[in-house]
Amino acid sequence: WQKALQLFSDMLLKTVQPDTINLNAAVSACQRGGKWDKILQLLDVTAQSNIQSDSTTLGAAISACEKGRKWETALHFFDVSAQWTLQPNAITFNAAIGACENSGEWERSLQLFSALAKQKHECDAITFNTAISACAKGSQWRNALLLFHAMASVRVESGPSTFNFAIDACARGSVWNQALQLVSAMAQTTMESNTVTFNTAISTCEVSGQWETAVQLLREMEQREVECDTVGYSAAISACEKADRW
């Protein structure tokens, strides 16, 4: 990224006008290096130099903020896109939602999700998964389940990650019955439950004092030939210990 920025600066110093392709290449280099602050500086320079930005520029800038957990800067880019006469697309929205999700800003994530729907962009699995994960991190299990069930109504296919994020939301909300319903629903699909799925459900049972269900899930993992690791065993043992089931 340093060399890319140096070459871009050389163009400006030599009064060679960079174009959008040059700008996006420099932004992409900074994005890969996680240098969100350098991207901000680049965009400030390009605005002063009347270099045209496009949706690729905007998407790369917001994605860099997502990786750097700089949700406020991501929303800044999102807001100023109107000044560049750019219309945010689904990819841009997803990156902004992800930036908020990474920073634990679940309310902001849901606001962006709603804005995406209002602009009649198609929400895809990434959009839903990121929003559900944001709700999970914010212990908003009801909102997570609303999003989970809404996927079918807009014909967006849920995947293993979708179930895992929703189960995690239920786990954080200590609603073990809802988590088990999701595990059961997943078993009725062609998707295979994985270690993360069961570990999260077992941990929910531990917190909720459901030691019998925790042990049952552990046995079910063995029957389905899902790898059991120390996380699952520890949670099941802890559930038994808390219930004095030595």
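The values are calculated or read from the model by the stated rules, or taken from the named source; none is laboratory data. Bear in mind that the values here come from a model prediction, so they are computed numbers and not experimental data. Reconstructed Cβ throughout: ideal geometry from the backbone, glycine too, with neighbour counts over all protein chains shown. To get the accessible areas, we keep the full protein, side chains included, count just its heavy atoms, and leave off ligands, DNA and RNA. Shrake-Rupley method; radii C 1.70, N 1.55, O 1.52, S 1.80 Å.
Structure notes:
- Helices (runs of 4 or more DSSP H) fully within the stretch 61-133 that include at least 3 residues being open to solvent by less than 30 Å² (accessible area, probe 1.4 Å), of a type outside the set (Ser, Thr, Tyr) and under 28 Å from residue 23 (Cα atoms): 71-80, 90-102.
- Criterion applied to 212, 206 was being acidic (Asp, Glu) and in contact (Cβ under 8 Å) with a residue 24 or more places away in the chain, and the one residue passing it is 206.
- Restricting attention to the stretch 101-127, the residues that are touching a helix residue (DSSP H, G or I) at 6+ places or on another chain (Cβ under 6 Å) and either modelled with pLDDT of 95 or more or hydroxyl-bearing (Ser, Thr, Tyr) (or both) total 3.
- Residues of the stretch 135-150 satisfying the condition of being part of a helix (DSSP H, G or I) and surrounded by fewer than 19 Cβ atoms within 10 Å (Cβ to Cβ): 142, 146, 149, 150
- Those residues of the stretch 194-211 which are over 10 Å from residue 238 (Cα atoms), among the polar types (S, T, N, Q) and part of a helix (DSSP H, G or I), in sequence order: 195, 197, 199, 200, 204, 208
- Qualifying residue in the stretch 92-100 (condition: under 24 Å from residue 126 (Cα atoms), in contact with a His (Cβ under 7 Å, 6 or more places away or on another chain) and modelled with pLDDT of 80 or more): yes
- Taken over the stretch 18-46, the residue count meeting the criterion of being surrounded by fewer than 16 Cβ atoms within 10 Å (Cβ to Cβ) and over 17 Å from residue 6 (Cβ atoms) is 5.
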